[in-house]
Amino acid sequence: MNLLRHRLALLQREGQFFASVGISGSHRESLRGLREETANLAAIDSVTFAYLARHAEEEVAGLRVIARSAFSPTLPFITAATVTDEQAEALRQVMNTTLQELPEVSEILGLQEVLPASESDYQIVLDYQQEAEALGFGRLR
């Protein structure tokens, strides 16, 4: 949401950009709304859009990308808080070994490597939020 809000912040008027905002529940449902013309705009992450363009073309047929958000880290892999750093690293190594041993999985996912990440890697997303709020676009509406 912060990436979309950041992208639209300069275009908003009096804290508003959209006449109404709906929540579809998933990227695929948002795309369905665009295809069925019950929505005018949706924010879809590039990994999901590229995956569907390769493996479910009908879901993006007739749709087009009109703008891209600012760069940000990709979506993180999440574990329970009780997982130790050593266990998390072992999981990351297993995922990377699997991607190397099963290139078809790597191709389907569009993922070549799982990199280590920390909360500080995602600070830029909070910075985007603060920039949008400073421009008067505190809520996506």
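The values are calculated or read from the model by the stated rules, or taken from the named source; none is laboratory data. Fair warning: this is a prediction, and the values are worked out from it, not measured in the lab. Note that each Cβ is placed from the backbone with ideal geometry, even for glycine, and that neighbours are counted across all protein chains shown.
Could you say whether any residue in the stretch 36-56 is farther than 23 Å from Pro116 by Cα, surrounded by 14 or more Cβ atoms within 10 Å (Cβ to Cβ) and touching a Ser or Thr at 6+ places or on another chain (Cβ under 6 Å)?
Within the stretch 36-56 (the criterion being farther than 23 Å from Pro116 by Cα, surrounded by 14 or more Cβ atoms within 10 Å (Cβ to Cβ) and touching a Ser or Thr at 6+ places or on another chain (Cβ under 6 Å)), the answer is yes, since at least one residue qualifies.
Checking Glu37 against (1) modelled with pLDDT of 90 or more; (2) in a helix (DSSP H, G or I): exactly one of these is not met. Which one?
(2)
Of the conditions (1) under 28 Å from Ala43 (Cα atoms); (2) surrounded by fewer than 14 Cβ atoms within 10 Å (Cβ to Cβ), Thr98 satisfies every one except a single condition; which number is it?
Evaluating Thr98 over (1) under 28 Å from Ala43 (Cα atoms); (2) surrounded by fewer than 14 Cβ atoms within 10 Å (Cβ to Cβ) leaves (1) as the failure.
Restricted to the stretch 76-87, and to residues that are surrounded by 10 or more Cβ atoms within 10 Å (Cβ to Cβ), without any contact (Cβ under 8 Å) to a residue 24 or more places away in the chain and under 23 Å from Val125 (Cβ atoms), which residue is nearest to the chain's Cα centre (by Cα)?
Quick first cut of the stretch 76-87, residues surrounded by 10 or more Cβ atoms within 10 Å (Cβ to Cβ) only: 76-77, 79, 83, 87.
When the remaining residues are screened for being without any contact (Cβ under 8 Å) to a residue 24 or more places away in the chain, the result is 79, 83, 87.
If we keep only those that are under 23 Å from Val125 (Cβ atoms) too, we end up with 79, 83.
Details: Thr79: 18, Val83: 25 Å.
This residue is Thr79.
Can you pull out every residue in the stretch 41-61 that is of a type outside the set (A, V, I, L, M, F, W, C) and at pLDDT 95 or above?
Looking only at the stretch 41-61, we keep the residues that are of a type outside the set (A, V, I, L, M, F, W, C), and these are 45-46, 48, 51, 54-55, 57-59.
Listed by number, the residues that qualify are Glu57, Glu58, Glu59.
Mind checking which residues of the stretch 57-72 are assigned to a loop (DSSP other than H, G, I, E, B) and either surrounded by 12 or more Cβ atoms within 10 Å (Cβ to Cβ) or among the aliphatic types (A, V, I, L, M) (or both)?
Our first condition is that a residue be assigned to a loop (DSSP other than H, G, I, E, B); within the stretch 57-72, this holds for 60-72.
Listed by number, the residues that qualify are Val60, Ala61, Leu63, Val65, Ile66, Ala67, Ser69, Ala70, Ser72.
Looking only at helices (runs of 4 or more DSSP H) that fall completely inside the stretch 73-141, which ones have 2 or more residues that are of a type in the set (A, V, I, L, M, F, W, C) and not assigned by TED's automatic domain parsing to the domain that holds Phe49? Talk me through it step by step, then tell me what you get.
On the way: elements: 85-101, 103-109, 123-134.
Filter on the stretch 73-141 gives 85-101, 103-109.
State yes or no: is Gln130 over 26 Å from Arg7 (Cβ atoms) and surrounded by fewer than 14 Cβ atoms within 10 Å (Cβ to Cβ)? First the steps, then the outcome.
Working: over 26 Å from Arg7 (Cβ atoms): no; surrounded by fewer than 14 Cβ atoms within 10 Å (Cβ to Cβ): yes.
Taking the combined requirement at face value, the residue does not satisfy it.
Take the residues in the stretch 33-75 that are among the β-branched types (Val, Ile, Thr) and within 14 Å of Leu4 (Cα to Cα); name whichever of them is farthest from the chain's Cα centre (by Cα). Reasoning before the result, please.
The first filter runs over the stretch 33-75 and keeps only residues among the β-branched types (Val, Ile, Thr), leaving 38, 44, 47-48, 60, 65-66, 74.
When the remaining residues are screened for being within 14 Å of Leu4 (Cα to Cα), the result is 44, 65-66.
Working: Ile44: 6, Val65: 14, Ile66: 16 Å.
Only one residue tops the list, namely Ile66.
Name the pairs: first residue in the stretch 60-72 and within 17 Å of Ala9 (Cα to Cα), second residue surrounded by 10 or more Cβ atoms within 10 Å (Cβ to Cβ) and modelled with pLDDT under 90, Cβ to Cβ under 8 Å, at least 6 apart or on different chains?
Arg68/Ser46
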